[in-house]
Amino acid sequence: MSAPPKSAGAGSGGFADLGPRVVSAIVMVAAAAVTLYFGGLAFVLFWVLAGCAINWEWQNLVGGEHRQWRVALGGLAVGAAAILGRHGFAAYAALLTVIIAAAAAALAGPERRLWAAAGVAYASAPVFAVCWLRDSPEFGLLAIAFLFAVVWGTDIFAYFGGRLIGGPKLWPRVSAGKTWSGTITGVLSGAALGLATVYFGGGGALAGVPTFLVGLAAAAVSQLGDLAESSVKRRFGVKDSSQLIPGHGGVMDRLDGFIFASVLAAAIGLARGNASAAANLFFW
């Protein structure tokens with residue numbers, strides 16, 4: 001989940017926009033933390049709602065035909081991803097997502113087929129990832145807390161680092177605000193905060209170099225996720241994915257980095273092949 005200040009790594013401008021973002025962020029962080037702690041149905045419902053909101057925003061953003069049906073299909077894919085994720089059925093989840101995405105593409109019209117299909121996958125993949133990681137034997141809660149810390153830390157420190165240090169822009173054609181200084185500050189700080197979360201969260205000896213490197217990778221791809229979403233919004237000429245969250249824009253705007261980071265974490269868990277996908281992030 002992305003952190004309060006969205007313009008991570010911005011090199012100029014004041015802090016007047018921070019107030020409403022912080023208030024909304026407190027509510028979002030509290031909801032995410034409470035459902036993470038209790039797990040089970042509360043956690044699943046939280047992420048199903050988030051996934052459905054992402055698909056709704058995406059389908060409206062890209063336009064095309066039969067949006068209501070595409071939103072419904074995306075909701076079906078998100079729900080299935082949550083159920084299959086809790087049991088670790090990655091292959092079935094991927095197959096079902098492809099089938100539903102193809103149906104959404106068929107409804108969207110010739111100019112929006114790939115975009116409509118991509119939205120279904122974009123909304124479903126992180127829901128599968130977090131449900132799978134959270135329900136993994138041991139370390140499920142710690143794995144999600146680690147990802148939260150990495151992504152939130154990256155966004156927060158990139159925001160302040162970029163504004164305080166400034167310097168060359170990272171990729172002005174895609175994101176006018178991001179700077180190299182902010183991005184580097186954010187990635188290093190996010191990885192460090194993730195490491196601290198593992199250490200103080202009961203991981204102890206697991207908070208070593210391998211975990212820090214996983215944090216660096218997750219932080220880097222979270223910034224890539226931010227850039228990817230910025231590119232999509234620029235392609236369709238919108239500033240925010242929606243106005244669902246006061247001071248922040250849409251759910252997609254808040255979760256862009258976390259989407260990429262959570263999918264990377266699930267991919268690591270899958271590739272390493274042990275019983276616990278979450279433990280695979282920490283045991284090397």
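Taken together, the values in this text are just the output of simple stated rules run on the coordinates, not laboratory data. Not measured: the values here are computed from a predicted model. All Cβ positions, glycine included, derive from the backbone under ideal geometry; neighbour counts span all protein chains shown.
With 10 angstrom as the radius, rank W284, W152 by how many other C-beta atoms surround their C-beta, starting from the fewest.
Working: W284 12, W152 23.
Fewest-to-most Cβ neighbours within 10 Å comes out as W284, W152.
Order of Y159, Y37 from fewest to most other C-beta atoms within 10 Å? Provide the component values of the computation, followed by the final result.
Values: Y159 26, Y37 12.
In increasing order of surrounding Cβ atoms, one gets Y37, Y159.
Compute the Cα gyration tensor for segment 102-141, then decide on rounded, prolate or oblate, letting a ≥ b ≥ c be the square roots of its eigenvalues: rounded whenever a/c is under 1.5, prolate when a/b is larger than b/c in the other cases, and oblate in all that remain. Kindly include the intermediate steps, with their values, before the conclusion.
Numbers: a/c = 7.45, a/b = 4.72, b/c = 1.58.
Judged from the Cα gyration tensor, segment 102-141 comes out prolate (a/c at least 1.5, a/b above b/c).
Counting pairs of Cα atoms in segment 137-179, how many percent are more than 15 Å apart?
Working: 514 of 903 pairs.
Roughly 57 percent, once rounded to a whole number.
Quick one, which of (i) 46, 41, 37; (ii) 61, 52, 42; (iii) 47, 46, 30 is the actual Cα extents along the principal axes in Å calculated for this model?
Computed from the coordinates, Cα extents along the principal axes in Å corresponds to (iii).
Among F212, F46, F236, which one moves the most in a GNM of the chain with springs linking Cα atoms closer than 10 Å?
Largest GNM mean-square fluctuation: F236.
Explain nothing, just the number: relative contact order of the chain, from Cα pairs under 8 Å at least 6 residues apart, as a whole percent. Don't skip to the end; give the middle numbers.
Numbers: 545 pairs, mean separation 73.9, N = 284.
Relative contact order of the chain: 26 percent.
Can you put M252, M28 in order, fewest other beta carbons within 10 Å first? Please report the intermediate quantities before stating the final value.
Values: M252 27, M28 20.
Placing the least packed residue first, the sequence is M28, M252.
Quick one: longest stretch of the chain between exposed loop trypsin sites (Lys or Arg not before Pro), exposed meaning at most 11 other C-beta atoms within 10 Å and loop per DSSP? Walk me through the numbers on the way to the answer.
Values: sites that count: R173, K239.
No qualifying site falls inside 1-172, the longest such stretch.
When only Cα pairs under 8 Å and 6 or more residues apart are kept, what is the percent relative contact order across segment 90-216? Mind showing how you got there, number by number?
Details: 152 pairs, mean separation 23.7, N = 127.
RCO, segment 90-216: 19 percent.
For segment 131-284, what does the relative contact order come out to in percent, with C-alpha contacts under 8 Å and a separation of six or more? Each step should come with its number before you reach the end.
Working: 251 pairs, mean separation 42.8, N = 154.
Relative contact order for segment 131-284 comes out at 28 percent.
Under DSSP H, which helices of the chain have Cα atoms covering 24 Å or more of the helix axis and a Kyte-Doolittle average no less than 1.6? Please list the in-between numbers first.
Numbers: long enough: 18-38 (30 Å, 1.79); 40-62 (33 Å, 1.23); 67-87 (30 Å, 0.50); 90-108 (26 Å, 2.23); 113-134 (33 Å, 1.05); 140-165 (36 Å, 1.65); 180-198 (27 Å, 1.24); 209-235 (39 Å, 0.55); 251-272 (31 Å, 1.26).
Within the chain the helices that satisfy the rule are 18-38, 90-108, 140-165.
Show that you can apply the helix-only estimate: for the chain, add -39,500 (n - 2.57) for every DSSP H stretch of four or more residues, divide by all residues, and state [θ] at 222 nm to the nearest 500.
Numbers: 9 runs with 200 residues, N = 284.
Using -39500 (n - 2.57) per qualifying helix, the result is -24500 deg cm²/dmol.
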